[in-house]
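The values are calculated or read from the model by the stated rules, or taken from the named source; none is laboratory data. These figures come from a predicted structure and were not determined experimentally. Virtual Cβ from ideal backbone geometry, glycine too; neighbours counted across all protein chains shown.
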């Protein structure tokens with residue numbers, strides 16, 4: 001019997017059958033990957049049953065570009081990239097208390113690249129002027145990755161001109177918000193980009 005997303009979301013160890021359901025492949029495929037070492041796990045003592053820890057299954061899914069929605073439910077992963085601690089705190093307070101979102105932060109383009117690799121965000125909220133690179137460079141790097149085609153990029157800044165905004169859009173940004181921003185408008189844009197139903201802020205916290 002298959003489980004719904006809510007059950008998968010809290011499960012710590014998976015059977016090969018469960019892993020197959022999550023990955024939408026055959027159980028034999030999972031067993032072959034397990035036996036070849038591509039998918040790590042352990043055998044139940046005294047039996048031939050294979051078991052796969054959650055973290056390893058997520059790693060395997062990331063490596064093979066398998067969407068994580070089945071194992072993580074409908075939570076949207078948001079990466080905030082900004083070197084202003086106050087802006088970062090604002091986004092963490094704004095989105096971190098809403099259970100629709102899982103939020104991580106980075107202060108440089110380099111750190112953003114590392115987190116994009118491991119966190120695989122659905123949305124990147126990106127400051128245009130970072131200490132090491134400009135936002136258009138980050139946009140270009142994300143768009144060069146075939147496995148990040150579905151990632152949305154929302155750029156924010158208080159100092160760019162119209163030409164620079166167009167440059168961001170040309171580099172792959174999906175939307176732009178000028179600082180200081182209206183909170184309600186910002187949340188609306190995030191919901192729109194992630195195709196989420198609008199709801200009163202904090203209602204899902």
Point to revise | Complete set of residues in region 103-142 that are at pLDDT below 90 and over 23 Å from residue 180 (Cβ atoms) | key: 117, 118, 119, 120
Exercise for review: Assess whether residue 60 counts as being within 22 Å of residue 146 (Cα to Cα) and either in the same structural domain as residue 154 (by TED's automatic domain parsing) or part of a helix (DSSP H, G or I) (or both).
Suggested key: yes
**Study point:** Which numbered condition residue 145 fails, given (1) more than 17 Å from the chain's Cα centre (by Cα); (2) more than 17 Å from residue 78 (Cβ to Cβ); (3) at pLDDT below 90
**Key:** (1)
Review point. Take the residues of region 86-101 that are modelled with pLDDT under 90 and surrounded by fewer than 17 Cβ atoms within 10 Å (Cβ to Cβ): which is farthest from residue 191 (Cα to Cα)?
Key: 97
Review point. Somewhere in region 22-43, is a residue out of contact with any helix residue (DSSP H, G or I) (no Cβ under 6 Å at 6 or more places or on another chain), surrounded by 14 or more Cβ atoms within 10 Å (Cβ to Cβ), at negative phi and part of a strand (DSSP E or B)?
Key: no
Check your understanding: Only one of (1) in contact (Cβ under 8 Å) with a residue 60 or more places away in the chain; (2) in a helix (DSSP H, G or I) is not met by residue 99, so which one is it?
Key -> (2)
